[in-house]
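S.K.: Quick one: the structure is below, questions incoming.
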Amino acid sequence: MTKNEIRQLYKEKRQNIPSKEKLRLDDLLLLQLQNLHLGDPQFIATYWPLGKANEPNMHIFNGYCRHAYPQATLCFPVVSGDTMEMMATNADTVYHTNSFGIYEPKQGERISAADIDIVFVPCIVCDMGGNRIGFGKGYYDRFLAHTTHNTVIIAFQYFEPLVNRIPVNDWDIAVDYIITPTKIFTAQGN
C-alpha cells in the first residue's frame, strides 16, 4: 500500500470509532502516558486536537502534563507559510483558529525547536519502527529536523503499530514512543 492509501484507510477507521468507545480509548491512552517517565522536561510541545478528524483527546494529556510536570511550559504550534514554530502558553493564553481550522496561540514567546524536551506529534498511524503517517503536509517533519537527539517524540494512536514498514521519505522523522490504549511501544531502531 502507498502512504496515501494507508492514511485514507486509517483516517476512515478512526472516523468510525463510536464516541463512547473513543472516550474509553482516550482514558486508556492517558493511563499509558502516566506509565511513561519523562524526566524533568522544561518545554513540552503539544497540539490542539482536530475534532473533525476524531484525533485523540490531547486536552486530557495536556492536563495531566500540567499536573505531573508543573515546571514545564506547554507549547503549541503556530503555522506561518510552510513553517511551524512552537509558542509557549500559560493559563492566560488566547487561541484563535488558523487557516487549517486548528487552534493556535495568538501571541506568546516562541520556543526554539532545540529547546523542546518532548514533542507530542499528530499521528494517524505508525509502524513498529516509529515511522508516522500524519496529515501529509510535512510541518512536523520540518520542525522535528531542528530538534536535538535528546528530544523525545511521542505519538498517540488508537491502533496497534503496523508490522509492515510504512513507506518513508528522506525527510521523515520517526517517533521514539507510540502510545496505544494497551501498551507503550518503543520504536524499533530508536
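S.K.: So Asp127 ticks every box in (1) closer than 20 Å to Asn57 by Cα; (2) surrounded by 15 or more Cβ atoms within 10 Å (Cβ to Cβ) but one. Which box is left unticked?
M.R.: Here Asp127 meets the rest and fails (1).
S.K.: Is region 135-150 home to any residue that is without any contact (Cβ under 8 Å) to a residue 24 or more places away in the chain and farther than 17 Å from Val78 by Cβ?
M.R.: Yes, region 135-150 contains at least one residue that is without any contact (Cβ under 8 Å) to a residue 24 or more places away in the chain and farther than 17 Å from Val78 by Cβ.
S.K.: Residue under question is Val119, and the condition is that it be modelled with pLDDT of 90 or more, crowded, with 19+ Cβ neighbours inside 10 Å and assigned to a loop (DSSP other than H, G, I, E, B); does it hold?
M.R.: Answer is no for this residue.
S.K.: Thr151: among the β-branched types (Val, Ile, Thr), under 18 Å from Thr46 (Cβ atoms) and surrounded by fewer than 22 Cβ atoms within 10 Å (Cβ to Cβ), yes or no?
M.R.: When the stated conditions are applied, Thr151 passes them.
S.K.: Here's another thing I want to ask about it. How do the strands (runs of 3 or more DSSP E) wholly within region 1-115 filter down when requiring 1 or more residues that are surrounded by fewer than 18 Cβ atoms within 10 Å (Cβ to Cβ), touching a strand residue (DSSP E or B) at 6+ places or on another chain (Cβ under 6 Å) and in contact (Cβ under 8 Å) with a residue 12 or more places away in the chain: which remain?
M.R.: 83-88, 95-97, 103-105
S.K.: Would you call Ile173 out of contact with any Pro (no Cβ under 9 Å at 6 or more places or on another chain), outside any loop (DSSP other than H, G, I, E, B) and closer than 20 Å to Pro41 by Cβ?
M.R.: No; evaluated as a whole, the condition is false for this residue.
S.K.: Please work out which one of (1) touching a Gly at 6+ places or on another chain (Cβ under 9 Å); (2) assigned to a loop (DSSP other than H, G, I, E, B); (3) at pLDDT 90 or above is the condition Asn150 fails and give its number.
M.R.: So the condition that Asn150 fails would be (1).
S.K.: Examine region 63-73 for a residue that is among the hydrophobic types (A, V, I, L, M, F, W, C) and within 30 Å of Lys20 (Cβ to Cβ), and state whether such a residue exists.
M.R.: yes
S.K.: Taking Ala53 as the residue in question, decide whether it is at pLDDT below 95 and under 27 Å from Val163 (Cβ atoms). Please lay out each step first, then the result.
M.R.: Working: at pLDDT below 95: yes; under 27 Å from Val163 (Cβ atoms): yes.
Judged against the criteria, Ala53 is a match.
The values are calculated or read from the model by the stated rules, or taken from the named source; none is laboratory data. On a predicted model such as this, the values are computed, not experimentally measured, just so you know. Cβ sites come from the backbone with ideal geometry, for glycine too, and all protein chains shown count toward neighbours.
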